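The values are calculated or read from the model by the stated rules, or taken from the named source; none is laboratory data. Here the structure is a predicted model, which means the values were calculated and not measured. Note that each Cβ is placed from the backbone with ideal geometry, even for glycine, and that neighbours are counted across all protein chains shown.
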Amino acid sequence: MKYQIVALLVCSLLILQKAIAQELAPHERVLISNNAEATGISTNENGELVVNVNPEDMRTFMTQSFVRYSDLGAKGDGKTDDINAIAATHAVANQQGLQVRADEGHTYYISGKMRTAVIQTDTDFGTAEFIIDDTHVEDRTKHVFLVSSTLRPFDLQGVSSLKRNQDKIEAELPGPCLVTVTDANVRRYIRYGPNQNDGSPQTDIFIVDKDGNVDGDAPIIWDFEQITEITALPMDQEQLRISGGKFTTVANQDESRYTYYSRGIAIRRSNVLVDGLEHRVTGEGEQGAPYGGFLNFRDCAYVTVKNTVLAGHKTYRTIGSAGVPVSMGTYDISLSRSLNVSFEHCSQTNDINDRTYWGIMGSNFCKNLILDHCTFSRFDAHMGVANATVKNSTLGHMGINAIGTGTFLVENSTLNGRTLINLRSDYGSTWEGEFIIRDCIFIPAGGASTSASLIGGSNSGQHDFGYTTYMPERIVIENLHIKDSNHPEDYQGPAIFGNFNPKMTDDSYVEQYPHLRPEVVVLKNVTTESGRDLRLSDNPYPFRNVEIRKE
């Protein structure tokens with residue numbers, strides 16, 4: 001009787017597995033059978049994995065509540081390509097709701113074969129090592145691991161428009177959902193400079209509960225007079241845990257151009273914890289294509305990464321869209337359409353002030369990003385972040401680069417960038433909201449000789465970015481010490497604002513697209529190592545109406 005129950009369970013789960021497989025790409029699909037033959041894996045003519053699990057082995061897995069990579073044939077000798085066995089192990093675990101455990105002391109070699117292991121259950125990589133060889137990759141856009149949900153997105157019917165800060169949508173939902181909305185008729189983030197482009201369709205992502213109430217901590221930031229696409233993705237309520245693992249990427253040797261590699265761990269599920277992972281990069285040569293994030297986040301919320309060590313990537317140069325040479329952004333952390341993501345007690349393998357390595361992080365369309373007790377080369381938000389926090393952290397040579405809305409809090413941290421906060425000029429140096437900076441140390445340019453300024457950026461007022469550009473309405477700086485002892489001979493002291501528009505020196509200059517300046521800067525206990533006083537700017541005219549309040 002017990003074996004009949006197990007057989008029925010396996011049959012029903014096989015039906016579920018086949019239904020889910022219909023929505024996966026061939027390199028992610030795994031077809032599982034359960035017959036008396038030995039447990040083993042193969043591939044069919046469509047490139048799908050075919051797995052058989054002997055019933056006795058299945059009973060063992062079910063009894064112990066986990067399955068190891070070696071159970072599905074992984075060698076772990078650092079030479080044999082184990083990606084098929086790894087993918088098969090996760091597929092069996094997903095089907096049965098089992099944990100996955102790597103074999104202690106094993107080293108798994110992962111080739112450039114087009115195969116993705118789908119993670120839907122708790123996974124403990126432990127002390128095992130993983131070598132990801134990117135020297136010969138069949139498809140650079142395919143992730144090695146995909147952390148996904150069994151819940152599926154669906155088109156949201158009946159919502160034809162949205163207003164900024166709208167607190168409720170009229171929709172019937174199965175539970176809390178991530179809602180992504182697009183108006184393809186409106187272009188935002190029309191980039192300026194060497195990597196200029198025509199912008200992106202207006203996009204927003206926010207959280208709603210089952211009654212359609214919008215989470216006020218991640219508000220709708222655009223008006224949508226018309227909606228060309230709107231989807232809802234149900235959010236998992238139980239946390240999925242991924243722990244341990246020592247990963248080494250053998251870097252690609254491709255031509256240095258914008259052909260991004262996505263060969264890491266993609267997180268496409270809400271409520272995930274990544275704890276104790278390590279990633280390193282080896283084999284970087286004279287040329288190489290950039291990376292789009294070993295940890296790649298998209299369409300997710302409430303994700304925490306802690307006690308994790310990541311790697312900066314060597315900076316390569318190419319020709320940008322404007323026809324001039326540019327340094328290519330290349331990342332170990334990449335976030336897009338992600339909400340409430342925090343990094344806690346994380347660091348990187350290389351010197352955070354080594355300029356031969358690009359800043360470790362990039363993000364787009366995100367909300368509520370947090371660095372806490374982290375040592376990274378930079379924090380970055382390209383196409384906007386709504387609310388961000390850097391606290392108890394040290395940032396290196398690329399410092400803080402951001403545009404966005406809401407509140408940016410920098411607290412109890414050491415910053416080594418050229419400016420304390422740089423408002424990205426390629427997106428209009430815009431921040432609609434406020435900056436709060438307190439209990440921090442600023443080391444301009446990491447201690448190199450420079451004329452220090454706190455808030456950097458530039459905007460000529462002649463480019464349409466697809467939105468009105470702002471500087472923070474209110475800037476509060478409290479208990480800041482500026483280590484500016486290494487400075488040029490003509491140094492006049494640190495400036496609050498950089499030279500945002502050198503041509504705007506009087507009222508004869510007309511901004512076609514006005515850049516709105518701050519209303520007030522509040523200063524309390526700002527000290528300098530040079531002994532020189534804080535001043536307004538090298539070009540004070542654009543900031544002539546800003547109230548400077550010293551407390």
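Picking from residues in the stretch 504-522 that are touching a residue at least 24 places away in the same chain (Cβ under 8 Å) and among the charged types (D, E, K, R), the one that is surrounded by the fewest Cβ atoms within 10 Å (Cβ to Cβ) is Asp506.
Quick one: which strands (runs of 3 or more DSSP E) sit completely within the stretch 40-128 and have at least 3 residues that are without any contact (Cβ under 8 Å) to a residue 60 or more places away in the chain?
40-43, 49-52, 66-68, 77-81, 99-101, 107-110
Close contacts from the stretch 247-276, counting a first residue that is at positive phi and a second that is among the basic types (Lys, Arg), with Cβ to Cβ under 9 Å and a gap of 6+ residues or different chains, come to Gly276/Lys306. Within the option set His487, His463, His481, being modelled with pLDDT under 95 and either surrounded by fewer than 18 Cβ atoms within 10 Å (Cβ to Cβ) or part of a loop (DSSP other than H, G, I, E, B) (or both) holds for one residue only, His487. With the structure loaded, tell me whether Asn296 is among the polar types (S, T, N, Q), outside any strand (DSSP E or B) and surrounded by 19 or more Cβ atoms within 10 Å (Cβ to Cβ) or whether it fails that test. No: the conditions fail for Asn296.
Applying the set (1) among the charged types (D, E, K, R); (2) surrounded by 20 or more Cβ atoms within 10 Å (Cβ to Cβ); (3) touching a strand residue (DSSP E or B) at 6+ places or on another chain (Cβ under 9 Å) to Asp81 leaves exactly one unmet item: (2). Those strands (runs of 3 or more DSSP E) of the stretch 367-443 in which 2 or more residues are in contact with a strand residue (DSSP E or B) (Cβ under 7 Å, 6 or more places away or on another chain) and either within 19 Å of Asn525 (Cα to Cα) or of a type in the set (Asp, Glu) (or both) occupy 404-411, 419-423, 431-442. Scanning the stretch 18-54 for residues that are in contact with a Gly (Cβ under 7 Å, 6 or more places away or on another chain) and at pLDDT 90 or above turns up Gly40, Ile41, Asn52. Tallying residues that are part of a strand (DSSP E or B) and of a type outside the set (Phe, Trp, Tyr) within the stretch 301-333 yields 16.
Scanning the stretch 446-459 for residues that are buried (at least 18 other Cβ atoms within 10 Å of the Cβ) and out of contact with any His (no Cβ under 8 Å at 6 or more places or on another chain) yields Ser453, Leu454, Ile455, Gly456, Gly457, Ser458. When each of Ser270, Ser243, Ser200, Ser262 is tested for being outside the structural domain of Ser429 (by TED's automatic domain parsing), under 19 Å from the mean Cα position of the chain (by Cα) and closer than 30 Å to Thr469 by Cα, the lone residue that passes is Ser200. Only one residue in Asn539, Asn525 is part of a strand (DSSP E or B) and surrounded by fewer than 20 Cβ atoms within 10 Å (Cβ to Cβ). Which one? After applying the criteria, what remains is Asn525. Of the residues that make up the stretch 160-173, is at least one part of a strand (DSSP E or B) and either in contact (Cβ under 8 Å) with a residue 60 or more places away in the chain or in contact with a Leu (Cβ under 9 Å, 6 or more places away or on another chain) (or both)? Looking through the stretch 160-173, at least one residue is part of a strand (DSSP E or B) and either in contact (Cβ under 8 Å) with a residue 60 or more places away in the chain or in contact with a Leu (Cβ under 9 Å, 6 or more places away or on another chain) (or both). Scanning the stretch 458-507 for residues that are aliphatic (A, V, I, L, M) and under 15 Å from Val546 (Cα atoms) returns Met471, Ile475, Val476, Ile477, Ala495, Ile496.
With respect to (1) part of a strand (DSSP E or B); (2) under 16 Å from His143 (Cβ atoms), the lone exception for Ser342 is condition (2).
Could you please find all residues in the stretch 521-549 being of a type in the set (Gly, Ala, Ser) and within 36 Å of the chain's Cα centre (by Cα)? Scanning the stretch 521-549 gives a single hit, Ser537.
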